[in-house]
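Below is one structure, written out as structure tokens, with a few remarks after it.
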Amino acid sequence: MIGSRAVPAHETLFDEIKRYVRFEDEDAGWLAAFRAHAAPHFPRIADEFYDRIREHEGAHEVFTGEEQVERLKRSLVRWMTRICTGPYDGAYFDETAKIGRIHVRVGLPQRYMFTAMTLIRLAFYEIAQGALGAEAIPVRSAVSKVLDLELAIMLETYRDDFLARTQRAERLDREEVGRTLARTEHRYKSAVELARVLVVGLDAHAVVRLFNREAERITGLGREDILGMPFVEMLLPEEIRADHGALVEDVAAGRRAGADLLESSLRTRAGKIRDVRWQLAYAPSAADDEVVLFAIGQDTTDENALAARVRQSEKLAAVGTLAAGLAHEIRNPLNGAQLHVTFLERGLARAGMNDPDTVEAIQVVRDEIRRLSELVSEFLDFARPRPLVVKPTSVVSLCERAARVAMASDGDGAGAHAEVKVDLPSTDMVLDLDPARIEQVLLNLLRNAMEAAGSAGGGTVTLRARRKPRHVLLEVEDDGPGVASPDAPIFDPFYSTKPDGTGLGLAIAHRIITDHDGTIDFQSRPGKTLFRVTLPIRLSG
Amino acid sequence: MEPRSIIEEPLILLVDDDIRTARLLARLLEDDGFRVELATDGAFAIARLARTPVPDILVTDFRMPHADGIAVARFARSLRPDLPLFVLTGYPELVARLGRGLVPEAVVHTKPVDYSALSAELRSSVEAVSSSAARAQPSAAAPGPLPSPIPA
């Protein structure tokens, strides 16, 4: 009988599973006997085995080509020989485990290992049945055992592989966590360093302990200049030290709850003032030199200038809409007046009246009507500007033309006899702009300048064009007495210093330049007034 | 007035709701040798155009009750495709935009109108039309298909 056997103290895995299926020496004997009959069938079984595999995509995928399949068939024949021959020892186990590992390596799904084994099993049973008659029964039993042993060993290798993979994944996870920590720290540092905001950290005494790159860039002060120095004295403009300085010192010392937002300014190394909007965050600390006040700041200098320009545009738009309708309607009574003047002139001529005073009076009315009419047109032009007609335009020839036109129309104005010089680059610049409207801007600026320069008698006006990296700079300079008050809202509509000015010339210029996404500003002192227009260079394509 | 041999004095239909100014303009034009009929809004103008004789020139204001100058102009053109059109307006840009598609184009004068320039242009426009009509065929003034009024 099969009976029970004592369990050895130290049993290998192979021995243990052999014991489980009761694989005995006589099984080895039956297999050896079977082999004598079966060996001639092995090549055929191998063929059938691989033909079957080919029917299944998931199994077939592991093959690389016919040559490999032929090699595998030879291995299979060797394997069939081996499982029928033994010896079923440690080396046998290792050999089977090796095959199992190959299956794992090539990624053969386990299900195919099982199903393929059935094919071998049935083929062997069939041979046993045919060749061995009554002996077939113990042979089948031995075949069954040895094939299950094979499966058991190969399954072990899948399990080993799974464990190894899990361990590898865990190791990778641990490494990843380490890397992530390092990365996070690096990111925080970079965030502070590279952010386009000023990050300044102060200790309880409002001494600068942290000063990021943007803060260096904006102030022009290096870390070595500023770290360890008092924030208020180093960075605040004198005018606001009493006010904002005291606030910052109080917040840093914890004497006052921090205002979250502080609109303030900084003095740069060069003495310039930059507007900064600070966000303050207070984090108390016991250590004396620890950062307790984080100030995150944004340079709003340009933003403020932009906001001012936007306000100007909005104001103009509101004025425009309101008044445009009125301006149109003024044209009707003007038309009536003008026709009546014509009628009056004819009547007088017909009656033979040519009293000079009367003739002059009529001419005055006619002139006044014309002036009013021009004002209306100019105003409408300003209030309801036509859309820009943009095309590539040579800046140099545009400037030359504007200067020519300005000089040709000179002499209309009282005593305006200024000399106009052009200072243009030798290399032309071609910009996408509305040439008629930019010419209008230049003419407005030139005529103003000529009047200013000519008022003292024979001044000089210079029209200058320069290419800058991102824009073209157009300047109109005169040596006249200068704008009376540099803070005057000269770009506002109807602001005029000239007795017969409409007050719209510069407002229109401002509008046109703004429509071109450009800027216009001026500097003025007696003897030098400079209007500066920038037009962006659009790098298309 | 100098004798104008074969051609009768050209007939202008002047359309303007500013009656005082329109009367004065009519008077000036009559002095310059035109016949002028006055319509004081768009609806009157269209009603007048539906009757014969069809005027030789249409001079119209733009903003008027009932039908604007462009509507009147389009109606007139449906009767006489080559009718010279003059629009006197405080809204030249708007008229130019709305009048797109009128061939030949309407002549737009911005108010206040320069009378002598207007008068000269009116004169040359009728001369241009009558000479080209004479060259083309004698029945140039035959009415076209039934016109449909265009809403303002």
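Bear in mind that the values in this text are calculations on the coordinates, not laboratory data. Please read all numbers here as calculations on a predicted model, not as lab measurements. Backbone-built Cβ (ideal geometry, glycine too); neighbour counts: all protein chains shown.
If packing is taken as the average number of other Cβ atoms within 10 Å across a peptide's residues, how do A:20-28, A:166-174 rank, most packed first? Please list the in-between numbers first.
Working: A:20-28: 15.1, A:166-174: 10.0.
In decreasing order of mean packing, A:20-28, A:166-174 become A:20-28, A:166-174.
With a cap of 13 neighbouring Cβ atoms within 10 Å, and only residues DSSP puts in a loop, list the trypsin sites (Lys or Arg not before Pro) found in segment A:444-491.
On the way: sites: A:Arg447, A:Arg464, A:Arg466, A:Arg467, A:Arg470; in loops: A:Arg470.
Those that pass, being in a loop and sparsely packed, are A:Arg470.
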query: In deg cm²/dmol, rounded to 500, what helix-only [θ] at 222 nm does chain A give when every DSSP H run of at least 4 residues adds -39500 (n - 2.57) and the total is split over its residues?
result: -19000 deg cm²/dmol
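Contact order normalised by length for segment A:305-383, with contacts defined as Cα pairs under 8 Å and 6 or more residues apart; what percent is it? Intermediate results must be reported in sequence, preceding the final value.
Numbers: 30 pairs, mean separation 44.4, N = 79.
Once divided by the residue count of segment A:305-383, the mean separation gives 56 percent.
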statement: To the nearest 10 degrees, the tilt of helix A:66-85 (Cα long axis) against the first principal axis of the alpha carbons of chain A is 30 degrees
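Cut-off is 10 Å between beta-carbons; in what order do A:Met80, A:Met429, A:Met407 appear when sorted fewest neighbours first? Before the final figure, lay out each step's value.
On the way: A:Met80 22, A:Met429 18, A:Met407 15.
By the 10 Å Cβ count, ascending: A:Met407, A:Met429, A:Met80.
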field: Close Lys-Lys pairs in the protein assembly as shown, where close means Cα under 24 Å and separation is 8 or more or interchain
entry: 14
- line: One point scatterer per Cα, no solvent, Debye formula: log10 I(q)/I(0) for the protein assembly as shown at q = 0.05, 0.12 Å⁻¹ comes out as -0.61, -1.28
- prompt: Volume per residue, Å³, of the convex hull around the alpha-carbon atoms of segment A:391-536?
  reply: 101 Å³
Sparsely packed trypsin sites (Lys or Arg not before Pro) within segment B:90-127, loop by DSSP, other Cβ within 10 Å at most 13: B:Arg100
task: Report, as an integer, the average count of C-beta atoms from other chains found within 10 Å of each Cβ along A:323-336.
output: 5
- prompt: Can you list the residues, at least 5 places off or on another chain, whose amide H is less than 5 Å from the amide H of A:Val461, using H built in the peptide plane?
  reply: A:Glu419, A:Val420, A:Lys421
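Which order do A:Glu57, A:Glu16, A:Glu150 fall in if you start with the one that has the fewest other Cβ atoms within 10 Å? List each step's numbers first, then the result.
Details: A:Glu57 7, A:Glu16 12, A:Glu150 20.
Final ranking by Cβ density, sparse to dense: A:Glu57, A:Glu16, A:Glu150.
Please say if segment A:136-284 is rounded, prolate or oblate, where rounded means a/c under 1.5 for a ≥ b ≥ c the square roots of the C-alpha gyration tensor eigenvalues, and otherwise the choice is prolate for a/b larger than b/c and oblate otherwise? Before the final figure, lay out each step's value.
Values: a/c = 6.41, a/b = 4.64, b/c = 1.38.
Prolate is the answer for segment A:136-284, as a/c is 1.5 or above and a/b outweighs b/c.
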- request: Compare the peptides B:109-118, A:350-359 by average per-residue count of other Cβ atoms within 10 angstrom and give them in order, highest first.
  value: B:109-118, A:350-359
- line: Karplus ³J(HN,Hα) for segment B:15-28 (6.51 cos²θ - 1.76 cosθ + 1.60, θ = phi - 60°; Hz, whole; x = Gly/Pro) runs 10, 6, 7, 8, 4, 4, 5, 5, 4, 5, 4, 4, 5, 4
- request: Write down the radius of gyration of segment A:198-299 and its Dmax, each obtained from C-alpha positions, in Å.
  value: 12.1, 36
- prompt: Over segment B:11-136, what number does the Rg to Rh ratio reach, with both radii from the alpha-carbon atoms and Rh per Kirkwood?
  reply: 0.92
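List the GluC sites (Glu not before Pro) within segment B:1-75 that DSSP assigns to loop and that have no more than 15 neighbouring Cβ atoms inside 10 Å. It would help to have the intermediate numbers written out before the result.
Working: sites: B:Glu8, B:Glu30, B:Glu37; in loops: B:Glu8.
Sites meeting the loop and neighbour criteria: B:Glu8.
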field: Residues in segment A:97-129 reached by a label modelled at A:Arg78 [backbone nitrogen below 18 Å; 7 Å Cα→Cβ]
entry: A:97-106
query: So what is log10(I(q)/I(0)) for segment A:305-383 at q = 0.13, 0.15, 0.19, 0.27 1/Å, when the Debye sum runs over its Cα atoms only?
result: -0.56, -0.65, -0.83, -1.16
query: So how far, in whole Å, is the C-alpha centre of segment A:203-245 from the one of segment A:155-189?
result: 45 Å
- line: Along segment A:300-308, Karplus-curve 3J(HN,Hα) (6.51, -1.76, 1.60; θ = phi - 60°) to the nearest Hz, with x for Gly and Pro, reads 9, 4, 5, 4, 5, 5, 5, 4, 5
- prompt: Counting pairs of alpha carbon atoms under 8 Å apart in space and at least six apart in sequence, what relative contact order in percent does segment A:198-299 give?
  reply: 34 percent
statement: Output field shielding_mean for B:24-31 (other chain Cβ, 10 Å radius) holds 3
- prompt: What is the mean projected area of the alpha carbon convex hull for segment A:13-168, to one decimal in square nanometres?
  reply: 9.4 nm²
